[in-house]
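> My questions will all concern the structure given below.
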Amino acid sequence: MKEIAEQHISEPGLVVLDITAADEDTLRMAVAQLEERWATSGQAPVRRVPGRPGVTSRVYADIRRTGAQGE
């Protein structure tokens with residue numbers, strides 16, 4: 001994965017989440033739940049790392065702003 005740039009965490013309330021799940025469906029459900037709570041970047045491409053179980057994706061979120069359910 002790319003390095004986390006300072007802009008992604010330049011102020012309080014901005015977070016970067018690397019999520020690992022057993023499969024892509026579980027990963028999508030986890031990201032969907034985060035999107036309901038916070039303003040997020042949505043799911044990035046799913047990655048599989050050889051020799052490691054599961055799949056991983058990165059999400060950028062602003063936890064100061066509400067997501068889809070809060071609008």
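Each reported figure results from applying straightforward, stated rules to the coordinates on display, with no laboratory input. Keep in mind the model is a prediction, meaning the values are calculated, not measured. Positions of Cβ are backbone-derived with ideal geometry, glycine not excepted, and every protein chain shown enters the neighbour counts.
> Please list 3J(HN,Hα) in residue order for segment 36-53, calculated via the Karplus relation 6.51 cos²θ - 1.76 cosθ + 1.60 where θ = phi - 60°; whole Hz, with x for glycine and proline.
6, 8, 10, 6, 10, 7, x, 6, 7, x, 7, 10, 10, 9, x, x, 10, x
> I would also like to ask the following. For Ser10, project a label point 7 Å along Cα to C-beta. Then give me every residue of segment 29-52 with its amide nitrogen under 18 Å of that point.
So the set is 40-41.
> If the only charges are +1 at each Lys and Arg Cβ and -1 at each Asp and Glu Cβ, what is the size of the charge dipole of segment 14-71 around the Cα centre, to the nearest 20 debye?
It comes to approximately 240 debye.
> Grab the beta carbon distance between Arg65 and Glu24, set R0 = 25 Å, and tell me the FRET efficiency rounded to 0.05.
Efficiency computed from Cβ-Cβ geometry: 0.40.
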